[in-house]
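Below: the structure, in structure tokens.
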Amino acid sequence: MKICEQYILAASVDEVFQALGSAPGKAQIIAGGTDLLLEVQQGKREPPHTLIDVSDIPEMRGIEIRESRLFIGAAEPISRVAESPLVHEHAQALAEAAALIGGPQVRNVATLGGNVAHALPAADGAIALAALDAVAEIASPRGMRRAPLPSLYRGVMQNTLAADEVLLGFSLPLKGAGEASA
């Protein structure tokens with residue numbers, strides 16, 4: 001079974017925009033691809049013409065403090081989110097939720113961005129992010145925008161991202177003195 005006609009490993013967000021704009025058929029952004037590839041294999045979804053892999057884009061990776069907020073890249077593997085000392089310190093509920101997603105092999109490949117963008121009702125990472133008041137950081141050829149996590153959902157397996165938008169990551173408020181999540 002052929003998963004796609006064209007595979008592009010993008011090195012930058014600009015390369016993603018170029019690939020989205022020039023793909024002759026349906027293009028799909030992936031980083032881990034765990035849900036998408038399974039659905040294509042099971043015949044639940046038509047394979048896209050072009051897969052655009054964003055797993056190596058620096059702006060979409062990492063877990064760090066930025067502008068007094070915890071930033072988690074959308075292409076960061078779930079296993080790294082679950083194990084991150086920064087996530088444990090400032091978003092314990094997210095660390096615990098991430099540790100419950102799939103098995104170890106899935107967590108090493110699946111990403112937090114995919115967990116959110118796929119819009120499944122049982123997306124443990126997305127639920128924790130929403131509870132922690134996460135804001136999605138989204139890029140498009142028109143510029144950057146930030147959106148509260150719940151605003152990304154239209155319905156089951158339906159997000160509100162435009163076809164030319166790229167989910168870069170999530171920012172969460174830092175835990176204050178005497179605050180915690182569990």
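Here, each number is a calculation from the coordinates, and none is a lab measurement. Every value quoted in this text rests on a predicted model; they were computed, and no experiment measured them. Cβ: placed from backbone, ideal geometry, glycine included. Neighbour counts: every protein chain shown.
For the pair VAL106 and ILE65 in one chain, pulling the backbone fully straight at 0.36 nm per residue adds 12.1 nm over the alpha carbon distance.
Rounded to the nearest whole Hz, the Karplus-based 3J(HN,Hα) values (6.51 cos²θ - 1.76 cosθ + 1.60, θ = phi - 60°) of segment 26-33 follow the sequence 5, 10, 10, 7, 9, 10, x, x, with x at glycine and proline.
Ranked by the mean number of other Cβ atoms within 10 Å per residue, highest first, peptides 108-119, 43-54, 128-139 order as 108-119, 128-139, 43-54. Give me the distance between the Cα centres of segment 1-35 and segment 111-131, rounded to whole Å. Each part reduced to its Cα centre gives a spacing of 21 Å. With a simple spin-label model that places each label point 7 Å from the Cα along the Cα-to-Cβ direction, the separation between ALA130 and LEU9 comes to 3.5 nm. For segment 10-18, putting each phi into the Karplus relation 6.51 cos²θ - 1.76 cosθ + 1.60 with θ = phi - 60° gives couplings of 6, 9, 8, 5, 4, 5, 5, 4, 4 Hz, in residue order, rounded to whole numbers and with x for Gly and Pro. Where both bridge residues fall in the chain, DSSP classifies roughly 75% of the beta bridges as antiparallel. Segment ALA163..GLN41, full-extension length gain: 41.6 nm, with 0.36 nm per residue of separation and the alpha-carbon distance subtracted.
With θ taken as phi - 60° and the Karplus curve 6.51 cos²θ - 1.76 cosθ + 1.60 applied, the whole-hertz 3J(HN,Hα) list for segment 119-131 is 6, 7, x, 9, 7, 4, x, 5, 5, 5, 4, 5, 5 Hz, x standing for glycine and proline. Using C-alpha pairs under 8 Å with a sequence gap of at least 6, the mean separation divided by the residue count of the chain gives a relative contact order of 22 percent.
Counting only DSSP beta bridges whose two residues both lie in segment 1-88, roughly 35 percent are antiparallel. Report the FRET efficiency, 1/(1 + (r/R0)^6), for GLU83 and ASP56, where r is their Cβ-Cβ distance and R0 is 25 Å, rounded to 0.05. With R0 = 25 Å, the Cβ-Cβ based efficiency is 0.80. On the basis of the beta-carbon distance and an R0 of 22 Å, LYS175 and ALA147 show a calculated FRET efficiency of 0.50. Compactness of the chain was expressed as the Cα radius of gyration divided by 2.2 N^0.38 Å, which yields 1.00.
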